[in-house]
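The values are calculated or read from the model by the stated rules, or taken from the named source; none is laboratory data. Remember, predicted model here, so these are calculated numbers, not experimental data. Neighbour counts run over all protein chains shown; Cβ positions are idealised from the backbone, glycine included. Side chains are part of the model used for accessible areas, which takes the heavy atoms of the whole protein and leaves out ligands, DNA and RNA. Shrake-Rupley method; radii C 1.70, N 1.55, O 1.52, S 1.80 Å.
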Amino acid sequence: MDEQGQHSVEIRSLYLGGQWVEPRDPIYVIDPATGKVFAGVGTVRREGVARALADAQEAWPAWRRLTGKQRGEYLFRIADALAHYGPAIARTLTMENGKPLAQSEGEVAMSVDNLRWFAAEAQRAYGRIVPNQVPGKRHVVVRSPVGVVGAIAPWNFPLALAVRKVAPALAAGCPVLLKPASATPLTAVMLAEAIDHVGLPPGVFQLVAGRAKEIGAELLENPICRKITFTGSTEVGRQLIRGAGPQVKKLSLELGGHAPVLVFGDADLDQAVEGTLMAKFRNTGQSCIAANRVYVDRLIYDKFVSRLVARTEELKVGSGLDDGVEIGPLIDEDALSHALEQIEDAKQAGGTILCGGCRWVESKEGFFLEPTVLADVPPTARCMREETFAPVVPVAPFEEEDEVIAAANATDYGLAAYAFTRDLSRTWRLADALEAGTICINDSVPATSQCPFGGLKQSGWGRELGTEGLDAFLETKHLSIGVEA
Ligand code: NAP
């Protein structure tokens with residue numbers, strides 16, 4: 001740090017109006033594995049966001065006039081550029097977010113696939129012809145782009161969750177302003193580089209960063225912005241809902257989760273243990289669909305728990321850049337404290353720590369937590385009611401299917417639910433009864449480009465991915481035509 005309190009690190013630029021702008025008032029980015037600043041990104045104030053919205057509005061008519069195929073061709077080229085720069089992007093992603101490098105590479109691959117899906121979907125914004133009830137009329141339903149979009153992304157999947165907004169917005173014919181999380185703006189800069197590389201018309205895609213409240217307020221209050229698409233906490237989602245009221249601004253919201261895992265007595269035990277590990281520990285437990293609480297049939301409870309503990313103890317913790325690491329650091333010190341508080345609370349409530357439970361001390365600087373398994377955790381414990389966002393697995397036994405379904409649904413969230421069973425009839429009963437936008441049976445990595453993703457209850461409004469992902473950026477118009485017989 002120099003005498004003015006500035007860090008001597010590279011400061012990346014924002015991408016506004018088709019140009020890289022001189023960086024001002026940077027946000028500094030910390031590597032959560034070391035706790036050290038390693039880069040920065042310039043920011044804009046509210047008037048800069050207003051200018052970007054005006055530029056986007058100017059770019060809109062020409063962008064929407066292109067055919068879906070032409071817009072799709074841009075997206076295919078962005079996908080190719082992202083794939084080309086993939087190794088560098090994955091490394092940066094690991095440095096700013098902490099996740100193991102193999103998972104960052106997976107996130108880049110998923111983002112490329114999402115882009116290619118929406119590149120093709122751009123040609124399929126179908127309307128329909130509706131038979132007339134009255135003679136001398138014809139009815140057509142047509143789709144048109146919603147307009148300028150503000151996209152707000154979180155830090156936990158900073159590339160994929162930005163792409164899931166930007167790609168369908170562009171495919172639908174909407175210019176978009178992307179605001180990344182302040183903890184992870186660098187992958188968004190690299191996405192902007194890929195977009196710049198393909199020569200998208202100026203103003204069609206722009207990158208803004210800075211004070212979240214200020215940027216959010218401009219997107220909410222400026223009538224040019226027709227829609228906000230947001231992934232993040234339920235609390236900020238609520239703030240956006242309140243702020244959207246005066247202009248009745250359209251919102252898509254992907255919010256928090258509290259996914260249950262139900263392991264039935266007829267499950268394949270190895271599959272259930274491995275699936276639970278994946279559903280819990282991917283992204284170091286910092287996923288909105290992370291398994292938050294695990295309910296196991298009492299018949300197999302002891303066997304399941306001992307295997308889960310044995311496998312959890314094998315997980316390699318460390319910097320995401322080191323070979324073979326499966327558990328990286330948490331995003332910051334607050335996230336670590338939050339997890340430690342939940343562990344302490346579970347202990348006080350009557351749960352038992354079977355492994356982990358403490359800060360991982362082999363690193364003095366990073367924000368690491370030992371992967372933790374807690375047994376016999378009562379439903380009153382905070383980790384059974386609140387999002388944990390850390391590598392902590394609380395387990396509890398159950399006796400009856402109805403009882404465990406009721407426990408699974410006893411939450412305000414409804415993003416994902418997992419179950420392990422080999423009973424087909426039970427699978428259908430679970431599909432009907434579980435209150436979640438994604439239900440995974442004998443599966444722990446459900447998200448895929450061609451299927452909708454989103455939440456019930458307080459987990460959000462709307463869906464990303466699938467055909468629904470494009471719909472989110474289209475308006476529906478009814479064209480009613482009087483015709484002479
Ligand atoms: P967050 O605090 O809500 O932040 C998310 C984004 O919103 C960031 O870009 C943040 O900017 C911005 N933001 C914060 N306050 C704002 C405001 N008043 N107006 C406009 N934007 C604002 O959430 P997070 O801690 O980054 O992410 C974790 C949460 O996201 C968890 O609850 C997780 O479950 C949820 N999530 C949901 C999904 C899903 O698909 N449903 C996926 C991933 C994560 P700054 O970073 O600058 O504060």
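Which is within 16 Å of the ligand (Cβ to nearest atom), modelled with pLDDT of 95 or more and over 30 Å from THR388 (Cβ atoms), of VAL142, VAL149? Walk me through it before giving the result.
Values: VAL142 fails: within 16 Å of the ligand (Cβ to nearest atom).
So the residue among VAL142, VAL149 that is within 16 Å of the ligand (Cβ to nearest atom), modelled with pLDDT of 95 or more and over 30 Å from THR388 (Cβ atoms) is VAL149.
Listed conditions (1) more than 18 Å from the chain's Cα centre (by Cα); (2) within 30 Å of PRO32 (Cβ to Cβ) are all met by PRO158, apart from (1).
Could you list, in sequence order, the residues of segment 239-273 that are within 30 Å of PHE420 (Cβ to Cβ) and either in a strand (DSSP E or B) or of a type in the set (D, E, K, R) (or both)?
The answer is LEU253, GLU254, ALA259, PRO260, VAL261, LEU262, VAL263, ASP266, ASP268, ASP270.
In a residue-by-residue description of segment 273-290, the property of being more than 16 Å from the ligand (Cβ to nearest atom), modelled with pLDDT of 95 or more, charged (D, E, K, R) and open to solvent by 10 Å² or more (accessible area, probe 1.4 Å) applies to at least one position.
Residues in segment 437-460 that are open to solvent by less than 50 Å² (accessible area, probe 1.4 Å) and within 16 Å of TYR295 (Cα to Cα): 3 in all.
How many residues are at negative phi, open to solvent by less than 20 Å² (accessible area, probe 1.4 Å) and either within 14 Å of the ligand (Cβ to nearest atom) or in a loop (DSSP other than H, G, I, E, B) (or both) when one looks only at segment 193-216?
So the answer is 8.
Residues in segment 204-263 that are touching a helix residue (DSSP H, G or I) at 6+ places or on another chain (Cβ under 9 Å) and of a type in the set (S, T, N, Q): GLN206, ASN222, THR229, THR231, GLN239, GLN247, SER252. Every condition in (1) of a type in the set (Lys, Arg); (2) in a helix (DSSP H, G or I); (3) in contact (Cβ under 8 Å) with a residue 60 or more places away in the chain is met by ARG311 except one, and the failing one is (3).
For segment 291-308, how many residues meet the condition of being open to solvent by 10 Å² or more (accessible area, probe 1.4 Å) and in a strand (DSSP E or B)? So the answer is 2. Among the conditions (1) near the ligand (Cβ under 10 Å from one of its atoms); (2) surrounded by fewer than 22 Cβ atoms within 10 Å (Cβ to Cβ), ARG164 misses just one, which is (2). Within segment 158-182, restricting attention to residues that are touching a strand residue (DSSP E or B) at 6+ places or on another chain (Cβ under 6 Å) and β-branched (Val, Ile, Thr), the residue that is farthest from ALA54 (Cα to Cα) is VAL166.
Within segment 228-238, the residues that satisfy the criterion of being part of a strand (DSSP E or B) and either open to solvent by 10 Å² or more (accessible area, probe 1.4 Å) or near the ligand (Cβ under 7 Å from one of its atoms) (or both) are PHE230, THR231. Within segment 182-192, being assigned to a helix (DSSP H, G or I) and touching a helix residue (DSSP H, G or I) at 6+ places or on another chain (Cβ under 7 Å) holds for LEU186, THR187, ALA188, MET190, LEU191. Applying the criterion of being within 14 Å of the ligand (Cβ to nearest atom) and touching a Phe, Trp or Tyr at 6+ places or on another chain (Cβ under 6 Å) to the residues of segment 173-192, the residue that is farthest from VAL146 (Cα to Cα) is ALA183.
Can you find a residue that is open to solvent by 60 Å² or more (accessible area, probe 1.4 Å), more than 30 Å from ILE481 (Cβ to Cβ) and out of contact with any Leu (no Cβ under 9 Å at 6 or more places or on another chain) anywhere in segment 132-141? There is no residue in segment 132-141 that is open to solvent by 60 Å² or more (accessible area, probe 1.4 Å), more than 30 Å from ILE481 (Cβ to Cβ) and out of contact with any Leu (no Cβ under 9 Å at 6 or more places or on another chain).
If you go through segment 64-102 and keep only what is hydroxyl-bearing (Ser, Thr, Tyr), assigned to a helix (DSSP H, G or I) and more than 14 Å from ILE195 (Cβ to Cβ), you end up with THR92, THR94. Please determine whether any residue of segment 234-246 is hydrophobic (A, V, I, L, M, F, W, C) and more than 22 Å from the chain's Cα centre (by Cα). The answer is no, given that none of the residues of segment 234-246 is hydrophobic (A, V, I, L, M, F, W, C) and more than 22 Å from the chain's Cα centre (by Cα).
Residue by residue, here is whether (1) touching a residue at least 60 places away in the same chain (Cβ under 8 Å); (2) surrounded by fewer than 15 Cβ atoms within 10 Å (Cβ to Cβ) holds:
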{"residue": "GLY35", "(1), (2)": "yes, no"}
{"residue": "ALA39", "(1), (2)": "yes, no"}
{"residue": "GLU47", "(1), (2)": "no, yes"}
{"residue": "ALA52", "(1), (2)": "yes, no"}
{"residue": "PRO61", "(1), (2)": "no, yes"}
{"residue": "LEU66", "(1), (2)": "yes, no"}
{"residue": "ALA81", "(1), (2)": "yes, no"}
{"residue": "GLY86", "(1), (2)": "no, no"}
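Listed by first and then second residue, the pairs with beta-carbon distance under 7 Å, at least 6 apart or on different chains, first residue in segment 116-144 and within 30 Å of LEU75 (Cβ to Cβ) and among the aromatic types (Phe, Trp, Tyr), second open to solvent by less than 40 Å² (accessible area, probe 1.4 Å) and assigned to a loop (DSSP other than H, G, I, E, B), are TRP117/SER449. In segment 463-485, the residues that are open to solvent by 70 Å² or more (accessible area, probe 1.4 Å) form Cβ pairs under 7 Å with partners that are more than 16 Å from the ligand (Cβ to nearest atom) and in a loop (DSSP other than H, G, I, E, B), at six or more places apart or across chains, as follows: ALA485/PRO135; ALA485/GLY136. Residue count for segment 340-376 satisfying the condition of being charged (D, E, K, R) and assigned to a loop (DSSP other than H, G, I, E, B): 5.
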